[in-house]
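First the structure, in the form of structure tokens, and then the observations on it.
The values are calculated or read from the model by the stated rules, or taken from the named source; none is laboratory data. Since the structure is predicted, the reported quantities are computational estimates derived from the model, not experimental observations. Because the Cβ atoms are built from the backbone with ideal geometry, glycine has one as well, and the counts that use them run over all protein chains shown. In case anyone asks, the SASA skips ligands and DNA or RNA and just uses the protein heavy atoms, side chains included. Shrake-Rupley method; radii C 1.70, N 1.55, O 1.52, S 1.80 Å.
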Amino acid sequence: RDALLALGRASGAAVELHVLDPPVEELWRRLARRNLLPGEAVIDRPTLASSLRSWEPPTPDELAAYDPPLP
């Protein structure tokens, strides 16, 4: 995220960060439905759990570095 923020700032753009934090059960419900579609990569529950362990939510200091969302 730091590199993308720097890139946006260097270009003179306003940079917003939108963070979605759905419940794990909602993520799994959506993945389970998508897993049934032909041609989609199947993501099982252990893979989802592993991915969630690597997620680092932004700190208050990090959020403060971004522009507020436009109305």
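Filtered by the rule that a residue be in a helix (DSSP H, G or I) and open to solvent by 100 Å² or more (accessible area, probe 1.4 Å), region 1-44 gives Asp2, Leu4, Leu7, Glu25, Arg29, Arg30, Arg33.
Can you confirm whether region 54-69 contains a residue that is part of a helix (DSSP H, G or I), open to solvent by 100 Å² or more (accessible area, probe 1.4 Å) and either at negative phi or out of contact with any Pro (no Cβ under 6 Å at 6 or more places or on another chain) (or both)?
The first filter runs over region 54-69 and keeps only residues part of a helix (DSSP H, G or I), leaving 60-64.
With the extra rule that they be open to solvent by 100 Å² or more (accessible area, probe 1.4 Å), the set shrinks to 60-61.
So of that shortlist, the ones also either at negative phi or out of contact with any Pro (no Cβ under 6 Å at 6 or more places or on another chain) (or both) come out as 60-61.
Scanning region 54-69, I find at least one residue that is part of a helix (DSSP H, G or I), open to solvent by 100 Å² or more (accessible area, probe 1.4 Å) and either at negative phi or out of contact with any Pro (no Cβ under 6 Å at 6 or more places or on another chain) (or both), so the answer is yes.
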